[in-house]
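*Asks:* Have a look at the structure that comes next, please.
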Amino acid sequence: MGPLTGVKVVEIASLAPAPFGCMILADMGAEVLRVDRASGQAGVVAPAGPLDRGRRSIAVNLKDPAGVAVVHELIANADVFVEGFRPGVAERLGIGPDTLLELNPKLVYGRMTGWGQDGPLAPRAGHDINYIAVAGALEPIGRAGERPHAPLNLLGDFAGGGLFLALGVLAALYERERSGKGQVIDAAMVDGANTLMSFLHGMHAGGMWPNPRGENMLDGAAPFYDTYETADGKFMAVGCVEPQFYAELLDKLEIDASGLPFQIDPAGFDQLKKLIGDAFRTKTRAQWADLFADSDACVSPVLSPWEAHEHPHNQARDAFVEVGGIVQPAPAPRFSRTASAHPVPMDADGRDLLETLAAWGITATDAAGLVQSGTVV
């Protein structure tokens with residue numbers, strides 16, 4: 001099930017961005033085989049969970065020529081290969097793009113890095129916060145007069161990284177239908193984060209983002225685009241940019257609009273924020289959520305990630321599913337004709353190496369030998 005049914009993906013295990021991209025492909029129906037490194041994996045490893053769903057897995061010693069040969073055999077039956085090494089590492093292991101595309105000229109080879117395959121920072125280590133800093137995506141985030149605030153690891157790892165990797169894979173698969181040829185995708189988190197800032201570049205060029213951090217319309221300065229504390233210490237999100245929605249906000253809060261500063265006049269922001277803030281502190285988050293549920297005032301309860309699945313809208317859309325005992329987001333987007341299946345945990349049917357290798361075109365005799373020798377574990 002899913003629009004990518006029949007597409008086969010070999011994923012070399014790595015940290016968050018590439019697994020997230022491969023999760024998207026698996027959610028859409030691709031058959032993903034994750035190849036862990038039997039020789040051990042340095043650094044912090046994320047716990048098993050949503051990013052692993054929908055795959056089978058094996059472990060291979062990539063420092064052993066016999067293990068590299070296994071990857072070469074898998075590639076012969078693959079449509080896509082994904083790795084998240086620093087530039088040059090895949091080549092040293094014998095699984096670089098030149099080698100694999102020679103074995104399978106139709107292969108789509110996805111490379112997920114922070115800095116990209118070239119440039120002065122390409123060989124350097126980094127994490128989400130570093131990539132979005134250089135992309136100009138970190139500096140605008142935060143309150144006025146305060147230091148920039150890291151937006152979790154959403155912009156670099158997932159939006160700028162894994163999501164752009166998956167987009168690149170889909171585009172390359174589409175192009176292959178016409179050319180019959182594979183190609184290499186250089187998916188860099190810094191590039192993706194740069195692209196995410198396109199709207200802000202336009203706003204700045206048009207004079208609509210002229211001020212320092214925290215002093216612009218959409219970064220918390222405006223009273224109609226901010227969060228407000230409620231009587232129970234929780235928060236409501238307000239985003240009524242348009243005047244008719246702003247008027248409805250004031251009406252619901254029982255604030256008399258006569259004599260108030262003009263909505264978008266920065267000189268009146270402090271006064272308006274106090275009035276709106278005082279009003280929100282008179283009721284609990286649940287009470288306000290009920291009051292604004294059928295309103296166009298653009299007001300929503302600020303939910304934690306662990307509460308989101310309980311919201312009536314998310315429940316009505318089945319936006320969350322339980323997989324392996326973990327409540328997590330359901331596959332997105334949704335398809336009218338080739339709907340994605342309900343996700344399953346990695347190796348949901350148990351880890352059967354012989355069966356897995358057979359499904360990827362390795363004969364039963366060869367598979368048994370690989371398992372017996374410890375090349376595949």
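*Asks:* In which sequence would Thr365, Thr113 go, from the one with the fewest C-beta neighbours within 10 Å to the one with the most?
*Replies:* Going from least to most buried by this count: Thr365, Thr113.
*Asks:* Between Arg53, Arg178, Arg92, where does the largest GNM mean-square fluctuation fall for the chain, given springs only between Cα atoms within less than 10 Å?
*Replies:* Evaluated over the chain, the most mobile residue of the options is Arg178.
*Asks:* Something else: Could you list Cys298, Cys240, Cys22 so that the one with the fewest beta carbons within 10 Å of its beta carbon is first and the one with the most is last?
*Replies:* Listing Cys298, Cys240, Cys22 from fewest to most nearby Cβ atoms yields Cys298, Cys240, Cys22.
*Asks:* Next question, about the same structure. Gap in Å between the Cα centre of region 309-356 and the Cα centre of region 223-283?
*Replies:* One Cα centre to the other: 39 Å.
*Asks:* Any aspartates and glutamates with Cα under 13 Å of the Lys273 Cα? List them, leaving off those in the same chain fewer than 8 positions away.
*Replies:* Asp226, Glu229, Asp265
*Asks:* I would also like to ask the following. Can you tell which of Gly207, Gly277, Gly324 shows the greatest fluctuation in a Gaussian network model of the chain with Cα springs below 10 Å?
*Replies:* Gly207
*Asks:* For Lys106, give me every one of the aspartates and glutamates with a C-alpha distance below 20 angstrom, ignoring sequence neighbours fewer than eight places off in its own chain.
*Replies:* Cα-Cα hits under 20 Å: Glu11, Glu31, Glu73, Asp79, Glu83, Glu91, Asp98, Glu175, Glu177, Asp186.
*Asks:* Using the 4.7 Å Cβ rule, please list in number order the cysteines from the chain without any candidate partner.
*Replies:* Cys22
*Asks:* How far is helix 269-280 tilted off the main Cα axis of the chain, in degrees rounded to 10, range 0 to 90?
*Replies:* Taking Cα atoms only, the helix is inclined about 80 degrees.
*Asks:* Here's another thing I want to ask about it. Under a point-charge model restricted to the Cβ atoms of Lys and Arg (+1) and Asp and Glu (-1), what is the dipole moment magnitude of region 216-256 relative to its Cα centre, in debye to the nearest 20?
*Replies:* 120 debye
*Asks:* Want the number for Asp278 to Phe262: 0.36 nm per residue separation, take away the alpha-carbon distance, what's left?
*Replies:* Between Asp278 and Phe262, full extension yields 3.9 nm more.
*Asks:* May I pose another question? What does the charge count near Arg34 come to, summing +1 for each Lys or Arg and -1 for each Asp or Glu among other residues with Cβ under 10 Å from its Cβ?
*Replies:* -2
*Asks:* Between region 58-93 and region 145-221, how far is it from one alpha carbon centroid to the other, in angstrom?
*Replies:* Taking the Cα centre of region 145-221 as reference, the centre of region 58-93 is 29 Å away.
*Asks:* If you take the Cα atoms of the chain, find Rg, then find the Kirkwood Rh from the mean of 1/r over all pairs, what is Rg/Rh?
*Replies:* 1.06
*Asks:* Further question: Starting from the Cα of Trp306, step 7 Å toward the Cβ, then list every residue of region 221-259 with an amide N under 17 Å from that point.
*Replies:* Correct set: 234-235.
*Asks:* Just how large is the dipole of region 253-377 about the Cα centre, in debye to the nearest 20, putting +1 at every Lys and Arg Cβ and -1 at every Asp and Glu Cβ?
*Replies:* 160 debye
*Asks:* What does the charge add up to near Leu62, with Lys and Arg as +1, Asp and Glu as -1, over the other residues with Cβ less than 14 Å from its Cβ?
*Replies:* Net charge in that neighbourhood comes out at -2.
*Asks:* Compute the acute angle (0 to 90°) between the alpha-carbon long axis of helix 17-27 and the principal axis of greatest extent of the alpha-carbon atoms of the chain; round to the nearest 10°.
*Replies:* Roughly 80 degrees between the two axes.
*Asks:* Assign unit charges at the C-beta atoms only (+1 for Lys and Arg, -1 for Asp and Glu), then state the dipole size of region 1-141 relative to its Cα centre in Debye, rounded to the nearest 20.
*Replies:* Charge dipole of region 1-141: 200 debye, to the nearest 20.
*Asks:* Let me ask another. Projected onto the charge dipole of region 225-302 (+1 at Lys/Arg Cβ, -1 at Asp/Glu Cβ, origin at the Cα centre), which of Cys298, Cys240, Leu275 gives the Cα projection farthest towards the positive end?
*Replies:* Leu275
*Asks:* So which residue, out of Phe224, Phe262, Phe280, gets the largest mean-square fluctuation from a GNM of the chain using Cα contacts under 10 Å as springs?
*Replies:* Phe262
*Asks:* Can I ask one more? Within a 10 angstrom radius of the beta carbon, how do His309, His72, His201 rank from fewest other beta carbons to most?
*Replies:* Ranking His309, His72, His201 by Cβ neighbours within 10 Å, fewest first, gives His201, His72, His309.
Each value in this text was obtained by applying a stated rule to the coordinates, not by laboratory testing. Everything numeric here is computed off the predicted structure, so don't read it as measured data. Cβ atoms come from the backbone with ideal geometry, glycine included; neighbour counts cover every protein chain shown.
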